[in-house]
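Notes follow the structure.
The values are calculated or read from the model by the stated rules, or taken from the named source; none is laboratory data. This one's a predicted model, so the numbers in the text were calculated from it and none came from an experiment. Here the Cβ is made from the backbone with ideal geometry for all residues, glycine too, and neighbour counts use every protein chain on show. These area figures cover heavy atoms from the full protein model, side chains too; ligands, DNA and RNA do not enter into them. Shrake-Rupley method; radii C 1.70, N 1.55, O 1.52, S 1.80 Å.
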Amino acid sequence: GPGRLPAATGEEGPLEGGPPDHSYSLSSGTTSEELLRKLNEQRDIIALLEVKMKEMKGSIRRLRLAEAQLREEIREKDRLLHAASAGTRKRHGL
């Protein structure tokens with residue numbers, strides 16, 4: 001009917017002749033060269049992100065190793081402190 005609202009399908013695009021919604025949106029008159037350029041730009045971005053992800057994974061791995069080493073050092077120092085304090089108490093008769 002005339003009073004009916006359009007169904008919200010999530011597929012509504014930009015108005016005819018209006019600007020695209022997003023930087024990755026394409027107008028209906030996009031040429032093959034423009035499409036290829038945009039595709040190559042997206043591939044470049046993805047390749048850079050993949051490199052960054054590998055770098056971050058390496059950093060996380062190094063941080064986890066450093067954390068494990070620090071925890072081991074703390075355990076060792078705690079053990080030495082505990083042994084030293086137990087020896088001190090025995091010497092002073094506590």
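Miscellaneous remarks
- Scanning segment 25-71 for residues that are open to solvent by 100 Å² or more (accessible area, probe 1.4 Å) and either touching a residue at least 40 places away in the same chain (Cβ under 8 Å) or polar (S, T, N, Q) (or both) turns up 28, 69.
- Test result for residue 19, at pLDDT below 95 and either hydroxyl-bearing (Ser, Thr, Tyr) or surrounded by 10 or more Cβ atoms within 10 Å (Cβ to Cβ) (or both): no
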